[in-house]
Structure formats: structure tokens, C-alpha cells
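Here's the structure, in C-alpha cells; my notes come after.
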Amino acid sequence: MKSPLLSQPGAVPAEGRDEGVAAHYGDLFREQRALADGKGLVDLSHRGVVTVTGDDRLSWLHLLLTQHVSELPAGQATEALILSAHGHIEHALYLVDDGETVWAHVEPGSQEALIAYLESMKFFYRVEVADRTDEFAVVHLPAGSIAEVPDGVVVRETAYGRDLFLPRADLEAYAAQNGPLAGILAHEALRIEQHRPRVGFETDHRTIPHELGWIGSAVHLQKGCYRGQETVARVHNLGKPPRRLVFLHLDGSEVHLPPPGTPVRLAADGAEGRQLGFVTTSGRHHELGPIALALVKRNVPVDAELMAGDTAAAQETVVEP
């Protein structure tokens, strides 16, 4: 779905999974600094919007999600995962309940598969699941923003800012009143700095929540059964995940960023060394310079100097080995 804000001056379209919104509006670092200062907004209108209504919505979702939501207070934001039977991550939902409806935004284009799964699990529960992507656009206001939220707009407030489920017809007018606009690249650079994973970026077909630090924030360890729980409990109680998420400070003298999938090796082993992981997301930060997230084998020493492709990389621990 193509955002109307792509017609704004300086807008450069994003590519890949974030196609449909602006990568930037002409000045990546200015846009990042504005967000860091609590100003402006990010157009996330390409993300899927799913709602669940009905008297059983919270108790039903509680059975399906990794998060404890059966008693979720109205207005309290949370996040949750849907796992495969083997405990691999399939979906991440960013949730809030407004007292009558659970609102969630999800990765662009993933809402159809998510809804198909939810519909298959309805049975006799009093719930209705709907794709609201055509009607509502997600808009992100950074932490510290004093922008007003229109009456009736559902808000998901977190430590990183507020996500608004804004009527899509109001998107242009709201952006005009609450700019400056920041593109998805600025938003992603701050996400990398904050060590926050995304499905489809930090995940592959075998990623489990422990590898990305999602235990606690998106996975509740003391709740009842859900699909994939056996894997979650077994790894938590009896073992360690095979991989771990790391944050990389990249050599700033390199012109090009290592793209997702770039092999990560020990710097001491050189370009012919054994691959120990791969870059998941990279970006340019207004203060830190080039940065990235990567998945590496659990036993990689936390103080080891690494290479992301041909680029030197110093690591910070995100998930303990």
C-alpha cells in the first residue's frame, strides 16, 4: 500500500520489506536528530493493522500468544509472538486493548497469514478478527513528543514513543500539523541502537525468542500453554539458545554498509575464516556512525573483534551467551 506522504517534498521511496513509505525526506541525520529530540513523526502506514473484538478476545488471545494478556488493562501496550509448533517465531504483534477491541500492528504484508491462523483457532469463542489495514494507518510519535492525539484515536504508548492507529483518510492532514516527517531509515537506525528485533529482519525460519532477547518483553514464562511453549520452557530451563543477538559498531571508513545476510567472522581469521553468524540489519546513526545487528553463534567470545564481510566490527552484547 503506497502512502500519500510519498508525495511530500524530498520523499525517497523505501525498498524491500518497507516499500510503500518513505526511506527519507532528503536528510537522514536531521530526521534522526529530530526523533531523538522528541519531534516529528514516522509514517508506518505500510504496516498491517489487525483488530480482535468480542467478549472472549483477551482470554482467547491468551491461549495463542506468548504474552500474558488475559487480564491486560485497557490502554496498556504490550507485544507478543506467535510461534510454530517447534517454537520458531512466525509473527510479532504490537498490541493494545481499548476496552472493547484489541488493536495490533504487524509486519507489512503479514496480516493475511496471521488472520488465517487466528481464524483457524476461533472454534466456539466469541471473537471477531478483522484486517483494518485499508482503514487505519500506523503513525509513530517519538518518546517526548508533545504532539496532540485526535479524539477517538487508539494509542499504543511505550518507552520508545507512541504508535497511533490513525484513520487513513486523516494521515496527510495529521502529518502536516505534526511534522517534521522522518523516514523509515531514521526509525530503523534508532531501532538498531535500541537493540530491538524485527520479524523478517532479525529472524529466519529457525529463530527462537531466546536468541533475540524477547523473553520477558514478548514471552511470559509463567503463563499457560500455547503453541511452541515446550521449546521455550526447555531452552529456558535446561539449556541455552544456539545463537545470540549482538550489536555491532562498524568501521566508519567504509563507504558501503554490509547488507543483511553478510557473513560475520572472527577478525583474526580473516576473510577465509569460518562463518560464525550474519548481519541482520545495518544502518547509519547520527551519533554512532555505521551500526548493525547480527546473529552469531552463542559461543563466540563477547570480547572478540569481528568482521562483517570486509568491514571491521566491534560487538556489544545484547543476549548473554
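The values are calculated or read from the model by the stated rules, or taken from the named source; none is laboratory data. Model, not experiment: these values are computed from the prediction. Because the Cβ atoms are built from the backbone with ideal geometry, glycine has one as well, and the counts that use them run over all protein chains shown. Just the protein is used for accessible areas: all its heavy atoms, side chains included, with ligands, DNA and RNA removed. Shrake-Rupley method; radii C 1.70, N 1.55, O 1.52, S 1.80 Å.
A few comments on the model shown:
- Ordering His249, Gln229, Ala271 by the projection of their Cα atoms onto the charge dipole of region 174-310, which places +1 on the Cβ of Lys and Arg and -1 on the Cβ of Asp and Glu, puts Gln229 at the extreme positive end.
- Taking the Cα centre of region 41-186 as reference, the dipole from Cβ charges on Lys and Arg (+1) and Asp and Glu (-1) amounts to some 260 debye.
- Calculated on C-alpha atoms, the gyration radius of the chain divided by its Kirkwood radius gives an Rg/Rh of 0.97.
- The calculated 222 nm mean residue ellipticity attributable to helices in the chain amounts to -5000 deg cm²/dmol, summing -39500 (n - 2.57) over DSSP H runs of n ≥ 4 and dividing by all residues.
- Residue-normalised accessible area of region 18-115, given per residue in Å² at a 1.4 Å probe: 34 Å²
- Summing Cβ point charges (Lys, Arg +1; Asp, Glu -1) relative to the Cα centre of the chain gives a dipole of roughly 820 debye.
- Cβ crowding within 10 Å averaged over residues, with 251-257, 45-51 ranked highest first: 45-51, 251-257
- Under DSSP loop assignment and at most 10 Cβ neighbours within 10 Å, longest chymotrypsin sites (Phe, Trp or Tyr not before Pro)-free interval of the chain: 125-321
- By the equivalent-ellipsoid construction on the alpha carbon gyration tensor, region 125-269 comes out with semi-axes of 33, 26, 13 Å, ordered largest to smallest.
- Calculated Rg and Dmax of region 76-172 using C-alpha coordinates, Å: 14.6, 44
- From the Kirkwood radius over Cα pairs of region 221-321, Stokes-Einstein at 25 °C and 0.890 mPa s returns a whole-number translational diffusion coefficient of 168 µm²/s.
- Per principal axis, descending, Cα span of region 23-66 in whole Å: 46, 20, 17
- Normalised alpha carbon radius of gyration of region 1-137 [divisor 2.2 N^0.38 Å]: 1.19
- In order through region 71-87: 3J(HN,Hα) via Karplus (6.51 cos²θ - 1.76 cosθ + 1.60), integer Hz, x for Gly, Pro: 10, 4, x, 4, x, 8, 6, 8, 9, 8, 10, 10, 10, 6, 4, 9, x
- Of Gln32, Leu93, Gly75, farthest towards positive along the dipole that unit charges on Lys, Arg, Asp, Glu beta carbons give region 14-96: Gln32
- Mean separation of Cα contacts under 8 Å, 6 or more apart, over the residue count of the chain: relative contact order %: 19 percent
- Choice from Asn237, Asn178, Asn299 showing the highest fluctuation, given a GNM over the chain with Cα pairs closer than 10 Å: Asn237
- Shown for region 61-103 is the translational diffusion coefficient from the Stokes-Einstein equation, using the Kirkwood radius over Cα pairs, a temperature of 4 °C and a viscosity of 1.567 mPa s: 120 µm²/s.
- Dipole check for region 158-220: with +1 at the C-beta of Lys and Arg, -1 at the C-beta of Asp and Glu, and the Cα centre as origin, the magnitude is about 100 Debye.
- Hits among lysines - C-alpha to C-alpha of Lys122 under 30 Å, sequence gap 8 or more where chains match: Lys223
- Shown are Ile115, Ile146, Ile82, whose ranking by accessible area with a 1.4 Å probe and every protein chain present, most to least, is Ile146, Ile115, Ile82.
- Only one residue of Leu63, Thr53, Tyr125 has its Cα farthest out toward the positive end of the dipole of region 16-125, where Lys and Arg carry +1 and Asp and Glu -1 on Cβ, and that residue is Leu63.
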